[in-house]
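Working notes, structure below.
Just so it is clear, none of the values below were taken in a lab; they were calculated from the coordinates. Computed from a predicted structure; not experimentally measured. Methodologically, a virtual Cβ is constructed for each residue, glycine included, from the backbone with ideal geometry; neighbour enumeration extends over all protein chains shown.
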Amino acid sequence: IIKDAATSRSGVNILGRPYVFDSTTNVTESILGLVGRKLYDTPNHPIAITRKLIQSVFRPPRFEHHTAADPVVSTNDNFDVLGFPADHPGRSRTDTYYVDSKTVLRTHTSAHQHAAFRGLRHRGDSGYTICADVYRRDSIDRSHFPVFHQMEAACVWKLRPPKEGIHTRLQQQDARAHHIRSNTEGIPRHDLEIIDEAGSYDDQTNPVQIVHDPDEAQLVVENLKRSLENLVQKVFVAAQAAQPDVKHEPLKVRWIEAYFPFTSPSFELEVFWQGDWLELLGCGVTKQEILDNAGLRDHIGWAWGLGIERLAMVLFDIPDIRLFWSQDERFLKQFKQGQITRFKSFSKYPPCYKDISFWVRPSPAAASPIGAQSSSGAAAAAGGDATKASPADTQPAAFHENDIMEIVRDVAGTLAEDVKLVDEFVHPKTGKKSLCYRVNYRSHERTLTNEETNDMHEKVTRKVAELPVEIR
Ligand code: FA5
Ligand code: MG
């Protein structure tokens, strides 16, 4: 981060391009330090191995494979063209890293949908995958890190061209439906146990788009679901084969209803893994307006987006998401291109717990100091979903949990294993709320000294004191 002495404006170069900060900026040195690592392109890295495995299920020539090295995108690409409403919580500065008011670190690979769809314009029935690093201000624990990787895919079918006795639009559409159906028949059938809790979706909560023929939309949904069940089967069978000593139950997957501004109907796919439902991905029938805007007026299709770490942690038995960023040979040496192997943890170094307690000032709606950074104060929604509200520039100053997370991340980087709310009470007389967060400092590579842990925690405390809180 560079400061210009003459104008006293600061800015930064990201992958060779200059950006000037403004009052919206909330990117930090520690986040920018992770840009450009390209783990998905590092041959023996578990992220790259997982990417290749997914690509082997969604193959060329139908699917073209892309990566997108530069994570800096416009708010237009990340939100607007995808139909995010102006007050969508995803836009808030507590959730998203802003470089400036019009530029963010992408929060999902869907930021590239528009460009990728445009690339399909002259390819008829076709599709793509995109793999990239994505950035979110989020909680800190073993399965959440502010940078992770997504893989996204989409697929379209074009109206059949008017030939061989096909004349009317209805006939063309019939021919397309026939084609979608026969594509679906080509997907291998598996003995997965499938629980479909989103089977009857054509209602108020998860409607078929008005512009779509319900039968045709249904065919697209079927193709989407079969394709992804096939992916799960392939990936998880590979995971099971890497654990020959364990007795495996038959695989169970579950479809549930979801909401995304850019698909309808929408679904999430979960896999039952080691006693729990694990959310793998979101998907749905692409909003027709998005296809139309990309020059794909006569097409219909689906899209999905998946968290690669979620899959890779299962495949390789990697217990902590920070390990993907390790440059320790003891981690990196364990993985080989094209192979699924179980991770053997190297000796675990001791944790060091430090607490921080403070009063939260009452009523977020009252005073609103200029420049204070925060948002709605609503609960941090799991999965970054639709409950919070507050666009980037109209935020009242209130305490938001993600601000603590960000401070810890900025000070401790990968040395913080998790941050948990351990105590919360409201003072009976003053009505003020007290919160206590516990930070677990631990390295995967060495034992932290008392001195450096205390040092980090002191820095964290000093920065937390700058939030709208009173340290106790
Ligand atoms: C999305 O990001 C949508 N763009 C996905 C999509 C694409 C839907 C195309 C429809 C069509 P979501 O926020 O749920 O949705 O994230 C997608 C997946 O990324 C999740 O299912 C999960 O596997 C993974 N993921 C989300 N947050 C994190 C995180 N903090 N750490 C690791 N993985 C995460
Ligand atoms: Mg989700």
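DSSP loop trypsin sites (Lys or Arg not before Pro) in the range 24-89 with at most 15 other Cβ atoms within 10 Å of their Cβ, which ones?
Values: sites: ARG37, LYS38, ARG51, LYS52, ARG62; in loops: ARG37, LYS38, ARG62.
In loop regions of the range 24-89 (DSSP not H, G, I, E or B), the sparsely surrounded trypsin sites (Lys or Arg not before Pro) are LYS38, ARG62.
Could you state the angle between the C-alpha long axis of helix 46-55 and the longest principal axis of the C-alpha atoms of the chain, as a value from 0 to 90 degrees rounded to the nearest 10?
Tilt relative to the chain: about 20 degrees.
Lys and Arg at +1, Asp and Glu at -1: add these up for the other residues within a Cβ distance under 13 Å of ASN450 and post the number. Let's see the in-between values first.
Working: positive: LYS354; negative: GLU451, GLU452, ASP455, GLU458.
Net local charge, ASN450 excluded: -3.
Give me the log10 of I(q) over I(0) for the range 15-112 at q = 0.13, 0.18 Å⁻¹, as the Debye formula computes it from C-alpha points; what are the numbers?
Relative scattering, expressed as log10 I(q)/I(0), comes to -0.58, -0.96.
Which trypsin sites (Lys or Arg not before Pro) in the range 77-113 pass both tests, a DSSP loop state and at most 12 other beta-carbon atoms within 10 Å? Could the numbers behind the result be given before it?
Numbers: sites: ARG91, ARG93, LYS102, ARG106; in loops: ARG93, LYS102, ARG106.
Passing sites in the range 77-113 are LYS102.
Can you check how the C-alpha radius of gyration of the range 404-448 compares to 2.2 N^0.38 Å, as a plain ratio?
The value comes to 1.53.
What percent do you get for the relative contact order of the range 1-112 when only Cα pairs under 8 Å and 6+ apart count? Write out the running numbers ahead of the final one.
Values: 114 pairs, mean separation 32.1, N = 112.
Contact order relative to length: 29 percent.
Mean separation of Cα pairs under 8 Å and 6+ residues apart, divided by the residue count of the range 284-350: what relative contact order is that in percent?
Working: 38 pairs, mean separation 15.6, N = 67.
Once divided by the residue count of the range 284-350, the mean separation gives 23 percent.
Skipping prolines and chain starts, which residues have an amide H placed within reach, meaning under 5 Å, of the one on THR96, given they are 5 or more residues away or on another chain?
Hits under the 5 Å cutoff: ARG137.
If you add up the charges near PHE145, with Lys and Arg at +1 and Asp and Glu at -1, over every other residue whose beta carbon is less than 10 angstrom from its beta carbon, what do you get? Show your work: numbers first, answer last.
Details: positive: ARG136, ARG142, ARG322, ARG409; negative: ASP138, ASP141, GLU309, ASP320.
Summing Lys/Arg as +1 and Asp/Glu as -1 gives 0.
Sorted from fewest to most neighbouring beta carbons within 10 Å, what does the list TYR441, TYR349 look like? Before the final figure, lay out each step's value.
Working: TYR441 23, TYR349 13.
If I rank by nearby Cβ atoms, fewest first, I get TYR349, TYR441.
Which ordering of ARG226, ARG297 is given by a fewest-first count of other beta-carbon atoms within 10 Å?
Values: ARG226 18, ARG297 12.
If I rank by nearby Cβ atoms, fewest first, I get ARG297, ARG226.
Please rank THR205, THR75, fewest neighbouring Cβ atoms within 10 Å first, as an exposure proxy. Let's see the in-between values first.
On the way: THR205 11, THR75 19.
Ranked by crowding around the Cβ, least crowded first: THR205, THR75.
Enumerate the calculated ³J(HN,Hα) couplings along the range 13-24 in order (Karplus 6.51 cos²θ - 1.76 cosθ + 1.60, θ = phi - 60°), each rounded to whole Hz, writing x wherever the residue is Gly or Pro.
Ordered by residue, 3J(HN,Hα) equals 9, 10, 6, x, 10, x, 10, 9, 6, 9, 5, 8 Hz.
Before anything else, pin down the relative contact order of the chain: Cα pairs under 8 Å, at least 6 apart, normalised by residue count, whole percent. All intermediate terms of the calculation are to be shown ahead of the outcome.
Numbers: 858 pairs, mean separation 80.4, N = 472.
Once normalised by length, the contact order is 17 percent.
Between 0 and 90 degrees, rounded to the nearest ten: what's the tilt of helix 450-464 against the longest Cα principal axis of the chain?
80
Any idea what angle helix 214-241 forms with the longest principal axis of the chain, computed on alpha-carbon atoms, 0 to 90 degrees, nearest 10?
60
Can you give me the Kirkwood hydrodynamic radius for the range 67-208, using every pair of distinct Cα atoms, in Å to one decimal?
On the way: mean 1/r = 0.0538 Å⁻¹.
Result for the range 67-208 stands at 18.6 Å.
Quote the convex hull volume per residue of the chain, based on C-alpha atoms, as a whole number of Å³. Mind showing how you got there, number by number?
Values: hull volume 82.0 nm³, N = 472.
It comes to 174 Å³ per residue, whole-number rounded.
When the Cα atoms of the range 68-131 are enclosed in a convex hull and the volume is divided per residue, what value in Å³ results?
Working: hull volume 5.7 nm³, N = 64.
Convex hull volume per residue, Cα atoms: 90 Å³.
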